[in-house]
Structures are given as structure tokens and as C-alpha cells.
Amino acid sequence: GTAVDVTDLTVRFQSKRSSTTALDDVTMRVDAGEFISIVGPSGCGKSTLLKVVAGLVRPTTGSVSVHGEAVTGPQRNIGFAFQRAALLEWRGVRKNILLQAEMRGMDKARAAARADELIELTGLSGFEKALPHELSGGMQQRVALCRALLHEPPVLLMDEPFGALDALTREQLNAELNRIWRETGTTILLVTHSIAEAVFLGTRVEVMSPRPGRLMRTLEVDLPRERD
Ligand code: ADP
Ligand code: ADP
């Protein structure tokens, strides 16, 4: 079925002095289980597009739905990971991941089991109690990824999640993300500046034009999805 449905979406940011059209008539359909990479120049509206899908920014015109439900506010069935991991400095790895459960009032036993599974899956075992400042940037992003996935959202949105990391760490995390995508069947929308990354990870690459953002071109990627 359709996981994300964006129809004729326009977003304008209005202030007293100016009006910015961030997105101009964007239509995009994403099937469940797809991995969509979104690329385009800085300021073309990539972040805004993800924020609208997450229910954090309202469409000026047009509509967005996730698994058939109109998005009218912050979405429960979505995970969101940003460029900065935004971890709580005084909480250890496991407790940072469980923050998601507290915010959503998840069942404690289920959240704990899921957290342990994700810690294992992302190679964070042994670091459960480590504080963020004791971790490398790559490990911090792994924690953020675990937190975004804790409630098993059918749709995961990622905005330049590994953008601040060195090339090697980034490559490792991309391989992990690929594995998570294959193993969980999560629908993923990833904003990235790297075309290579977009093509390696995505089943489809959406290229956006400079501001105001429009979908300019779609590249269907027909490559082996595994790299072992
Ligand atoms: P990208 O992620 O592609 O760099 P953004 O979606 O962040 O682009 O921004 C698109 C345009 O909208 C930019 O011109 C940006 O300055 C503007 N913009 C984004 N968020 C806001 C906001 N909350 N208020 C005003 N302008 C904004
Ligand atoms: P990123 O590119 O890392 O996703 P942001 O989404 O925070 O960064 O911001 C993207 C662009 O949108 C920036 O150019 C920023 O100046 C602009 N922007 C974000 N929020 C606002 C806002 N509240 N008002 C005006 N411009 C904004």
C-alpha cells in the first residue's frame, strides 16, 4: 500500500517583511517498504518536506497522509532522526533510547526488549550506561537512530543524519541503515547531500530544484541492495 502520500503540497513561510516559498506544488507517493533518497541544493525545501510529513510544519495548500491518515499534527507512526543527535547529556545510552518510550507512553517491558534488540543491532552492546560525551559522533548517531526506531514506526524520516560524521564512519552507518531497512521493512525517507549515498541507499532518488523546491526528476535505482 501507500505509506506516504503528498499531494499538491505548497509551503510558504510568512513573516511581516517577507514570504518564502519553501515548497511549490510537490506531489510524491511512497509505497510501503520503499527507501526514498531526497537530494537537492541547500534551501530547496528538503527539511521542510520531511517536517510536513512528520506533522511539524503545516501545509499552506495541499495535503499529506501517512498510511491513509491525514497528517494534522505530530505523528505517532513516524520516527525522525536529525543531523545532530540531540541526546540528553546526563543520561546513558539505554536511557536516551528509552526517552522515546517515555514520551509516547509505551509499555515498559516491550520498550526495554526493543531497546536491547536495537542496541545489539547497531553494535552498541557494552555501552548501555555510557554518557553521550563518552561516545564518538558515530555512536551518538547510532543512539539517535535507535531512539527513532524504538516505537517501531512504519515510516522513518532522516534529515542528513550522518552529515557531520567522517567518511568512514558514515559509510559504516549507511551499511547499517541498509541492513535495518532490509530487516525491518521500514519505509524510509532520507535527505542527503551525497548523490553516492542517495543511490547506494535508495530504491528511488527524488531530485529537487533550487528554491522554491519542486520535484524535478525521479531516478529509479536498480542496483543490488546488499553489499556484503
Ligand atoms: P533544505 O532542507 O533543502 O536546506 P529547508 O526546508 O530547510 O531547505 O528550507 C527551505 C526554505 O525555507 C529556505 O529558504 C529556508 O530559509 C526557509 N525556511 C525553512 N524553515 C523556515 C521557517 N520556519 N521560517 C521561515 N523560513 C523557513
Ligand atoms: P538543516 O539544513 O541542517 O536541515 P535547518 O532545517 O535547521 O537546517 O535549517 C535549514 C534552513 O532553514 C536554514 O537556512 C535556516 O536558516 C532556515 N530556517 C530554519 N528555521 C527557520 C526559522 N524558524 N526561521 C527562518 N529560517 C529558518
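The values are calculated or read from the model by the stated rules, or taken from the named source; none is laboratory data. Everything quoted here is computed from the prediction, not taken from an experiment. Every residue, glycine as well, gets a Cβ built from its backbone with ideal geometry; the counts of neighbours run over all protein chains shown. Protein only, heavy atoms only, side chains kept; ligands, DNA and RNA dropped before computing areas. Shrake-Rupley method; radii C 1.70, N 1.55, O 1.52, S 1.80 Å.
Over the heavy atoms of Arg104, what accessible area does a 1.4 Å probe trace out, to the nearest 10 Å²?
That residue has around 60 Å² of solvent-accessible surface.
Specify whether the C-alpha gyration tensor of the chain places it in the rounded, prolate or oblate class, a ≥ b ≥ c being the square roots of the eigenvalues: rounded for a/c under 1.5, otherwise prolate if a/b is larger than b/c and oblate if not.
Cα axes put the chain in the prolate bin.
Please compute the net charge surrounding Gly62, taking Lys and Arg as +1 and Asp and Glu as -1 over other residues with Cβ under 15 Å from its Cβ.
So the surrounding residues net to +1.
Where does each of 142-155, 191-204, 83-96 land if you order them by average Cβ count within 10 Å, highest first?
The densest-packed peptide leads the list: 142-155, 191-204, 83-96.
First check a/c for the stretch 38-116, with a ≥ b ≥ c the square roots of the eigenvalues of its C-alpha gyration tensor; if it is under 1.5, answer rounded, and if not, answer prolate when a/b is larger than b/c or oblate otherwise.
Because a/c hits 1.5 or more and a/b fails to exceed b/c, the stretch 38-116 counts as oblate.
Would you be so kind as to identify which of Met28, Leu189, Leu99 lies farthest towards the positive end of the dipole of the chain, taking Lys and Arg as +1 and Asp and Glu as -1 on Cβ and the Cα centre as origin?
Leu99
Express the carbon and sulfur contribution to the solvent-accessible surface of the stretch 115-228 as a percent, rounded to the nearest whole number, probe 1.4 angstrom.
The C+S portion of the solvent-accessible surface of the stretch 115-228 is 51 percent.
Using a cut-off of 12 Å between beta-carbons, work out the net charge of the residues near Ala111 (Lys and Arg +1, Asp and Glu -1, Ala111 not included).
Charge balance in the 12 Å sphere: +2.
Please work out whether the stretch 114-191 counts as rounded, prolate or oblate from its C-alpha gyration tensor, where a ≥ b ≥ c are the square roots of the eigenvalues and a/c under 1.5 means rounded, while otherwise a/b larger than b/c means prolate and anything else oblate?
oblate
Local charge sum around Glu89 (other residues, Cβ-Cβ under 12 Å, Lys/Arg +1, Asp/Glu -1)?
+1
Just to confirm my numbers, what's the Cα centroid distance between the stretch 1-52 and the stretch 131-160 in Å?
23
So how strong a dipole does the chain carry about its Cα centre when Lys and Arg Cβ are +1 and Asp and Glu Cβ are -1, to the nearest 20 debye?
860
Determine the per residue accessible area of the chain with all protein chains present and a 1.4 angstrom probe, expressed in square angstrom.
49
Which one of Ala167, Ala111, Ala130 has the biggest mean-square fluctuation once the chain is modelled by GNM with Cα springs under 10 Å?
So, out of Ala167, Ala111, Ala130, the one fluctuating most is Ala167.
Could you pull the accessible area for Thr20 with a 1.4 Å probe, rounded to 10 Å²?
Solvent-accessible area, nearest 10 Å²: 50 Å².
Work out from phi, with θ = phi - 60° and the Karplus expression 6.51 cos²θ - 1.76 cosθ + 1.60, the ³J(HN,Hα) of each residue of the stretch 99-107, listed in order in whole Hz, and give x for Gly and Pro.
Karplus values, whole Hz, x for Gly and Pro: 3, 4, 5, 5, 5, 9, x, 6, 4.
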